[in-house]
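Report on the structure given below.
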Amino acid sequence: MDAAAIHARLRERFGEAIEGVDLEAKDPFVVVRAEAIAEVCRYLRDDPDLRFDCLSNLTGVDLKAENLLQVVYHLYSYPHRHSIVLKVTTPRENPRVPTVERVWKAANWLEREAYDLLGIVFEGHSDLRRILMPEDWVGHPLRKDFVEPEEYHGISTRRESLLRS
């Protein structure tokens, strides 16, 4: 099934919760209202014609100019050999998105990474804590306005560039 057909099914089932689509993008994507993402993902996994059994990637994007953060879900169906990308946006000052951990277990670590690096809170997550940075690290390093501290517990965070000649 192609992205246009998947979008049509989602639009028919979820109506206004499907906010948009870009079928001309290299990886066609569907924009989903944040509060509906878990229900949409559950449908995409469970519908026999769709059977998206694999969350192959989940990542966050800082859209600073729009004052938004975005979560991007890459789904794949091994039984049907088709794929789709879903996108959800949330405000930068209070970024909250329902977890899809109960739909795909792989979301557990991927959502923790997006939380750690961008500060996106996945509501209902079973263990939302940092996964890459120390527990007491301040800030989220992949935010475009993040300023790296001079030191961490007395250890300099400065390092020489490997690109200098």
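Can you confirm whether residue 148 is in contact with a Ser or Thr (Cβ under 9 Å, 6 or more places away or on another chain), open to solvent by 20 Å² or more (accessible area, probe 1.4 Å) and free of Cβ contacts under 8 Å to residues at least 12 places away in the same chain? Criteria met by residue 148.
Taken as a whole, the structure leaves residue 37 outside the set of residues that are surrounded by 13 or more Cβ atoms within 10 Å (Cβ to Cβ) and touching a helix residue (DSSP H, G or I) at 6+ places or on another chain (Cβ under 6 Å). Is at least one residue of segment 78-95 in contact with a Ser or Thr (Cβ under 7 Å, 6 or more places away or on another chain) and open to solvent by less than 30 Å² (accessible area, probe 1.4 Å)? No, every residue in segment 78-95 fails to be in contact with a Ser or Thr (Cβ under 7 Å, 6 or more places away or on another chain) and open to solvent by less than 30 Å² (accessible area, probe 1.4 Å).
If you check residue 127 against the conditions, is it modelled with pLDDT of 95 or more and either open to solvent by 50 Å² or more (accessible area, probe 1.4 Å) or hydrophobic (A, V, I, L, M, F, W, C) (or both)?
In short, yes.
A Cβ distance below 6 Å, combined with a sequence gap of six or more or placement on separate chains, defines the contacts here; from segment 79-93, residues that are assigned to a strand (DSSP E or B) and polar (S, T, N, Q) reach residues that are open to solvent by less than 40 Å² (accessible area, probe 1.4 Å) and at pLDDT 95 or above in the pairs 89/70; 90/34; 90/69; 90/97. Search segment 40-69 for residues being part of a loop (DSSP other than H, G, I, E, B) and either of a type in the set (Lys, Arg) or closer than 17 Å to residue 82 by Cβ (or both), and hand back the single one that is most open to solvent (accessible area, probe 1.4 Å). Residue satisfying both the conditions and the ranking: 51.
The values are calculated or read from the model by the stated rules, or taken from the named source; none is laboratory data. Since the model is a prediction, treat every value here as computed from it, not as a measurement. Glycine also receives a Cβ, built like all others from the backbone with ideal geometry; neighbour counts cover every protein chain displayed. The protein model used for the area step is the full one, side chains on, heavy atoms only, and it has no ligands, DNA or RNA in it. Shrake-Rupley method; radii C 1.70, N 1.55, O 1.52, S 1.80 Å.
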